[in-house]
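S.K.: Dropping the structure in here first, questions after.
Readers should treat all values here as calculations from the given coordinates under stated rules, not as data from a laboratory. In this text, all values refer to a predicted model and were calculated from it rather than measured experimentally. As a convention, Cβ positions derive from the backbone with ideal geometry for all residues, glycine included, and neighbour counts pool all protein chains shown.
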């Protein structure tokens with residue numbers, strides 16, 4: 001049975017706050033949309049080897 005200590009929260013790349021996403025060391029994510037409830041930042045990340053490997057910020061939205 002897995003213990004809670006095997007999981008860790010992903011941290012927001014902008015403000016460093018906790019997101020609601022939990023991962024384990026062997027989790028692999030590619031182009032995962034990460035949302036920070038604290039600063040409302042959204043980005044796509046790639047996660048592997050226990051750390052965030054790549055961060056893509058979204059393009060600016062045009063106003064109509």
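S.K.: Out of all the residues in region 49-64, which are exposed (fewer than 15 other Cβ atoms within 10 Å of the Cβ), under 13 Å from residue 10 (Cβ atoms) and touching a residue at least 12 places away in the same chain (Cβ under 8 Å)?
M.R.: Within region 49-64, 50, 55 meet the criteria.
S.K.: In this structure, is residue 29 touching a strand residue (DSSP E or B) at 6+ places or on another chain (Cβ under 7 Å), surrounded by 11 or more Cβ atoms within 10 Å (Cβ to Cβ), without any contact (Cβ under 8 Å) to a residue 40 or more places away in the chain and over 13 Å from residue 11 (Cα atoms)?
M.R.: In short, yes.
S.K.: Further, regarding this structure: Considering every residue within region 50-63, establish whether at least one is in a loop (DSSP other than H, G, I, E, B), in contact with a strand residue (DSSP E or B) (Cβ under 7 Å, 6 or more places away or on another chain) and closer than 22 Å to residue 7 by Cβ.
M.R.: Checked region 50-63: no residue is in a loop (DSSP other than H, G, I, E, B), in contact with a strand residue (DSSP E or B) (Cβ under 7 Å, 6 or more places away or on another chain) and closer than 22 Å to residue 7 by Cβ.
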